[in-house]
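Since the structure comes first, as structure tokens, the remarks are kept for the end.
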Amino acid sequence: MEITCTACGKEISPLELYDGTWSCPRCRNLLIDQQSELKVTRENEELFRQGELLYAQWLFNRDGRANFSLVEKAISLCRRSARLGNPKAIARLGYYYDKDYIGGNFTETMRVKLAYTYYSQVCFSGLNEVETPPTIKMNWMDVCRQTAQAMLFMLSQAPAEVQDSKTYNVKANLERLRSNFGEDFNFSGHSSGYYKLSNKERLFSMLLACVDKKRAPLFGAVRLTVGEVKEIYERSWPGDDKIESALGYIAKKVFISFIKVADLGSSSGMFNRLGTSSSFERMFDDLDESDMIWLFFFNNNGGHKYLGSKGKRKKVNSVLYENGVASDTLKRLLQFGQTSFHAFYDDDIYQYSQQKSLQDATRALIDQVCSGGGSE
Ligand SMILES: [Zn+2]
């Protein structure tokens, strides 16, 4: 998708960074969502509707038969619609952050705050009406109230540190909403019904995407139980009746290794390679289902726009793995990276590579993730 960068004025295809933000590949400035005024148009409604369809397609086939790239496309369409001011798309982006569909490197607190910025744009807009073409039916007040309920539910489940803050406190927000919607407005206590993504689901989708010819993940790490790995190991390739495990198949192409979380701090801290079906089966035999592990992957397959050559990817890999052993940098990511799911694309390395070697760019990226901030 080509858009115009507001910083350098060039037509660009944006970098999509690990925290869900977009950046300009020419000048490396972040593309801040330039929100236009809230309004429904035929164009933004169509983008929103297409996104909803893709999300629904994935949702109803999510046990492995549909690729997660459907959701990524859905989010991309939704974001475009939101930029054009469609309030339903803005609320939906809130849901996508709320339910953990976007990126994977947010702490719970960051995620709630991001979702809040979208939800609140809709339910605190203060508008009595929103311009809508006569051919499109929308009850604006219903959209506001539904968005408000989703927001309140999210805040009611948020970590204590978020709830303690005045901005994100449930009661304070309810009071503000009542002054908009009337005194009879109440928090229903129900969730929006949106499905929350698990790490298991993410890992499976992420590994399937490793062979994507256009945009494949470069490396990542997921913390989950051995039992969860076993569950996805039992799935076959989507749309394929062959008995072969999709995970076993991918492991032949993508470098996968693991370490028990409890062993991460120990002096040896050796990772175990998962390269064949038998190595998975050995892991299932040796460990308990409830054991927590970090599973790491590095992907040399698929499409990598900015790191197309193997030599470049090798430089990134050398920072994470040194002579077949996980480096201190990788261990640091797992220990201090603040979340249980990390996934990075070549876009992320590129964002940090200005006047730096690829090795230094990789370290800078991991520093950023460990410091708990998103892209700056
Ligand atoms: Zn630019």
Exercise. In angstroms, what radius of gyration and Dmax does the chain have, counting Cα atoms only?
Worked result: 21.7, 68
For this session: Report the convex hull volume per residue for the range 199-370, counting only C-alpha atoms, in Å³.
Result: 109
Exercise. Please report, for the Cα atoms of the range 69-135, the Rg to one decimal and the Dmax as a whole number; what are they, in angstrom?
Worked result: 12.9, 42
Seminar exercise, completed: Farthest towards the positive end of the dipole of the chain, among Val170, Tyr352, Pro217 and with Cβ unit charges of +1 on Lys and Arg and -1 on Asp and Glu, lies the Cα of Tyr352
Exercise. Magnitude of the Cβ-charge dipole of the chain, K/R +1 and D/E -1, about the Cα centre, nearest 20 debye?
Worked result: 980
Seminar exercise, completed: Taking Cα atoms, the helix 42-59 axis meets the longest principal axis of the chain at an angle in degrees (rounded to 10) of 40
For this session: Divide, for the range 35-181, the radius of gyration over alpha carbons by 2.2 N^0.38 Å, where N is the residue count.
Result: 1.06
Problem set entry | Ellipticity estimate at 222 nm from DSSP helix runs (n ≥ 4, -39,500 (n - 2.57)) divided over the chain, nearest 500 | -14000 deg cm²/dmol
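Every number here is computed from the coordinates shown, using simple stated rules; none is lab data. The structure presented is a predicted model; accordingly, all values stated were derived computationally and were not measured. Ideal geometry is used to build each Cβ from the backbone, glycine not excepted, and the neighbour counts take in all protein chains shown.
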